[in-house]
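Below is one structure; the comments refer to it alone.
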Amino acid sequence: MFEKTFKPFLAQHKLQRLRDPIDQCVAHQMALTREKFSSHTIDVIYDYELHPNRRPKVLMQTAAHVSGGAYYYQRKDVERDPWGARKIFGVCVHPRFGGWFAIRAVLVFTDVQAPGLAQTPPIDCVPAREDRISLLENFNFNWRDGKYRDAVAAEETYSAEQTLYFATPPAERWKLLELWGHPIPPC
Ligand code: B12
């Protein structure tokens, strides 16, 4: 995503100052995807979109799980869980990319009805109870160190540049982009 899509996008497009650069890039990709399926009506919903009551429009992890993309490990997937009254957020793991991804958008083909479509179950790549406990603890209590991303040996991980970019607070990412040769657009 970062090297093959985001960096070329930066080189080829004028960015808007008031919008997150990754969001601009994802929106562009979704527009291209829509063009590919121009005979269909597609609703695109982004991970950051909220209803007026502040609830997310789409629960991306549930969507990833039910579409067969990435297994969503929740507290209820651990028998006799050890966390008592603590709040534990769930996490998706992909069989090839581990936790090295984000789930940015959902496309709903509103004109397609497929009653006979067989559901593809996601691959359960963290089947053992102890491993699920470590995964959920890493995601909840130590997510900054990124260990939860290596719950399965990933085929490919983020590059050093991408890791640095996402570890940088959003307001300071513009400076990083400037350092990499992309001028900061005026406000
Ligand atoms: C709000 C939010 C947060 C909040 C609260 C977290 C939470 N889960 O509530 C905070 C700020 C704490 C947070 C933090 C982080 N977040 Co966050 N966050 C979100 C966001 C925007 C919405 C999540 C939400 O509100 N869930 C509501 C709760 C109630 O949903 P739920 O627990 O899944 O419950 C539902 C399911 O159980 C479902 N359900 C019921 N039964 C069943 C049965 C099955 C089989 C299934 C599948 C579902 C299901 O019904 C329930 C709702 O009724 C999502 C993006 C999105 N739009 O989804 C990202 C998201 C979950 N975050 C993400 C990440 C990576 C993080 C951070 C690591 C920070 C970061 N951005 O790098 C940290 C890690 C957590 C931590 N230790 O703090 C990723 C997770 C990727 C992954 N691999 O799973 C997401 C998906 C963003 C993305 N675009 O990729 N986050």
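Only the coordinates and a few stated rules stand behind these numbers; no lab work does. Because the structure is a prediction, the values reported are computed rather than measured. A quick note on method: Cβ atoms are made from the backbone with ideal geometry, for glycine too, and the neighbour counts reach across all protein chains shown.
Points to keep in mind about this one:
- Pairs where the first residue, in segment 41-65, is among the hydroxyl-bearing types (Ser, Thr, Tyr) and the second is near the ligand (Cβ under 7 Å from one of its atoms), C-beta under 7 Å, 6+ apart: Tyr46/Arg104; Thr62/Tyr72
- Residue within segment 119-129 that is within 19 Å of the chain's Cα centre (by Cα) and among the acidic types (Asp, Glu) present: yes
- Residue match in segment 37-47 (condition: of a type in the set (Val, Ile, Thr), within 30 Å of Arg173 (Cα to Cα), more than 14 Å from the chain's Cα centre (by Cα) and loosely packed, with under 14 Cβ neighbours inside 10 Å): no
- Residues (surrounded by fewer than 12 Cβ atoms within 10 Å (Cβ to Cβ) and either of a type in the set (S, T, N, Q) or under 27 Å from Cys25 (Cβ atoms) (or both)) located in segment 85-110: Phe89, Thr110
- Meets criteria (polar (S, T, N, Q), surrounded by 12 or more Cβ atoms within 10 Å (Cβ to Cβ), more than 10 Å from the ligand (Cβ to nearest atom) and assigned to a loop (DSSP other than H, G, I, E, B)) for Gln24: no
- For segment 126-142, taking the residues that are assigned to a loop (DSSP other than H, G, I, E, B) and exposed (fewer than 14 other Cβ atoms within 10 Å of the Cβ), the one that is nearest to the ligand (Cβ to nearest atom) is identified as Asn142.
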